[in-house]
Amino acid sequence: MDRTIDYIIGKEEDGLRVEQVLRRKGYSRQNLSVIKRMPQSILVNGVHAYMRGQVQTGDTLRVQIHETGVSGKIPPIHLPLDIVYEDEDIIVINKAAGMPIHPSMNNYTNSMANALAWYYKEQGKPFIFRCSNRLDRDTSGLTVVAKHLVSAGIISTMTAEKILEREYLAIVSGHVSPSAGTICAPLARKGTSIIERMVDFEKGEEAVTHYETLGHYGPHSLVKLKLETGRTHQIRVHMQYLGYPLIGDYLYNPDMTHISRQALHSHRLSFPHPMTGEPMEFTAPLPEDMQEVLRVTSSSPASQE
């Protein structure tokens with residue numbers, strides 16, 4: 001993947017070294033270590049420069065990223081791919097339920113990564129898979145994929161610093177009470193399971209979920225959830241812990257009466273663009289299977305969001 005990025009040096013950056021300017025832009029030390037080994041990767045006013053070289057106000061600092069590596073264990077497969085947004089730095093995808101994010105032993109050729117590998121192959125571009133917010137196989141909705149090492153590093157930092165905001169919609173069993181609140185309950189593995197998680201106040205990692213009930217639909221509630229942390233199965237376990245588990249959840253509430261997968265959808269993503277800082281916000285409507293649950297179980301469908 002090739003990417004050229006130009007920066008005009010401002011007064012506040014006058015006299016700084018190239019590496020200092022780029023660190024201020026969000027480049028990690030690892031990013032800089034890799035970039036400086038690329039040919040003609042740093043230019044100042046069109047002339048090759050080193051990371052330790054100084055810049056002056058008005059200079060044009062150009063970074064030329066040239067990645068030739070590929071994710072070799074991800075075979076390209078022609079699969080449907082709902083691309084919500086794409087530019088030179090990121091791709092935002094509305095992932096279908098039932099599609100894993102990346103290949104595994106039992107899902108080697110039907111993942112979102114396989115679909116992206118095909119998408120890149122058709123364009124003649126090398127493909128390195130860098131998904132920044134991973135979703136469970138049966139969770140639908142928005143996820144962002146970085147297209148090069150710098151955007152990946154910056155988005156990773158934004159996630160760690162809780163700048164990237166994630167909002168989900170879920171259909172849960174029961175009428176949630178209180179109707180809004182915050183769940184602060186640490187999560188850990190359940191026994192020796194490598195999959196299941198549980199609330200564990202002694203050994204668990206911090207996990208915080210904010211929730212708000214949007215409406216009642218027969219015996220169910222439609223809930224909006226905002227993650228402050230991103231632990232495995234966080235929403236699924238937190239809502240079970242609260243007493244209102246997601247319907248269709250084969251691990252934590254195997255009630256498949258109305259839906260055959262956990263009724264969870266990544267509804268909204270917002271974050272500053274990793275390279276420009278421009279505010280970005282994306283939404284994906286509730287998928288058809290979850291809408292059908294609300295239609296079937298509700299006596300007042302007009303209350304649907």
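The values are calculated or read from the model by the stated rules, or taken from the named source; none is laboratory data. As the structure is a computational prediction, the values presented were derived from the model and not from experiment. When we count neighbours, we look across all protein chains shown, and the Cβ atoms used for this are built from the backbone with ideal geometry, even at glycine. Please note that ligands, DNA and RNA were not included when accessible areas were found on the heavy atoms of the full protein model with its side chains. Shrake-Rupley method; radii C 1.70, N 1.55, O 1.52, S 1.80 Å.
Can you name every residue in region 262-279 that is open to solvent by 20 Å² or more (accessible area, probe 1.4 Å) and either within 12 Å of the chain's Cα centre (by Cα) or of a type in the set (A, V, I, L, M, F, W, C) (or both)? Before you say what the answer is, go through the steps one by one.
Residues of region 262-279 that are open to solvent by 20 Å² or more (accessible area, probe 1.4 Å), as a first pass: 267-268, 272, 275-279.
Of everything in region 262-279, those that are open to solvent by 20 Å² or more (accessible area, probe 1.4 Å) and either within 12 Å of the chain's Cα centre (by Cα) or of a type in the set (A, V, I, L, M, F, W, C) (or both) turn out to be His267, Arg268, Met275.
Pull out all pairs, ordered by first then second residue, where Cβ-Cβ is under 6 Å, the residues are six or more apart or on different chains, the first lies in region 285-296 and is open to solvent by 20 Å² or more (accessible area, probe 1.4 Å), and the second is among the polar types (S, T, N, Q).
That search, which allows pairs on different chains as well, returns Pro287/Ser140.
What tally of residues in region 229-261 results from selecting those that are open to solvent by 70 Å² or more (accessible area, probe 1.4 Å) and either over 21 Å from the mean Cα position of the chain (by Cα) or of a type in the set (Asp, Glu) (or both)?
Here the count works out to 8.
For residues in region 85-95 being touching a residue at least 60 places away in the same chain (Cβ under 8 Å) and out of contact with any His (no Cβ under 9 Å at 6 or more places or on another chain), which is most open to solvent (accessible area, probe 1.4 Å)?
The qualifying residue most open to solvent (accessible area, probe 1.4 Å) is Tyr85.
Determine the pairs where a residue that is closer than 15 Å to Ser173 by Cβ, located within region 221-238, has a partner that is open to solvent by less than 10 Å² (accessible area, probe 1.4 Å) and of a type in the set (Asp, Glu) with Cβ atoms under 8 Å apart, the partner being 6 or more residues away or on another chain.
Correct list of pairs: Arg236/Asp249.
Considering every residue within region 270-281, establish whether at least one is in a loop (DSSP other than H, G, I, E, B), in contact with a Leu (Cβ under 9 Å, 6 or more places away or on another chain) and of a type outside the set (Ser, Thr, Tyr).
Going through region 270-281, the residues in a loop (DSSP other than H, G, I, E, B) turn out to be 273-278.
Right, trim to in contact with a Leu (Cβ under 9 Å, 6 or more places away or on another chain) and you get none.
No, region 270-281 has no match at all.
Out of all the residues in region 7-25, is one or more closer than 30 Å to Tyr119 by Cβ and part of a strand (DSSP E or B)?
Keep residues of region 7-25 that are closer than 30 Å to Tyr119 by Cβ, which gives 7, 22, 25.
Pick out the ones that are also part of a strand (DSSP E or B) and you get 7.
Among the residues of region 7-25, at least one is closer than 30 Å to Tyr119 by Cβ and part of a strand (DSSP E or B), which makes the answer yes.
Name the single residue, out of those in region 65-84 being part of a strand (DSSP E or B) and either open to solvent by 50 Å² or more (accessible area, probe 1.4 Å) or of a type in the set (D, E, K, R) (or both), that is nearest to Ala113 (Cα to Cα). Explain how you work it out, then say what you get.
Our first condition is that a residue be part of a strand (DSSP E or B); within region 65-84, this holds for 65-66, 83-84.
From the residues that got through so far, the ones that are either open to solvent by 50 Å² or more (accessible area, probe 1.4 Å) or of a type in the set (D, E, K, R) (or both) too are 66, 83-84.
On the way: His66: 21, Ile83: 13, Val84: 16 Å.
Once the filter is applied, the top-ranked residue is Ile83.
Working carefully through the options Ala170, Ala180, find the one that is open to solvent by less than 50 Å² (accessible area, probe 1.4 Å) and of a type outside the set (Val, Ile, Thr).
Numbers: Ala180 fails: open to solvent by less than 50 Å² (accessible area, probe 1.4 Å).
From the options Ala170, Ala180, the qualifying one is Ala170.
Tell me whether region 4-27 contains one or more residues that are among the polar types (S, T, N, Q), open to solvent by less than 50 Å² (accessible area, probe 1.4 Å) and under 21 Å from Ile155 (Cβ atoms). Quick ask: steps written out before the conclusion?
We begin by selecting, within region 4-27, every residue among the polar types (S, T, N, Q); these are 4, 20.
Restricting the remaining residues to those that are open to solvent by less than 50 Å² (accessible area, probe 1.4 Å) gives none.
No, every residue in region 4-27 fails to be among the polar types (S, T, N, Q), open to solvent by less than 50 Å² (accessible area, probe 1.4 Å) and under 21 Å from Ile155 (Cβ atoms).
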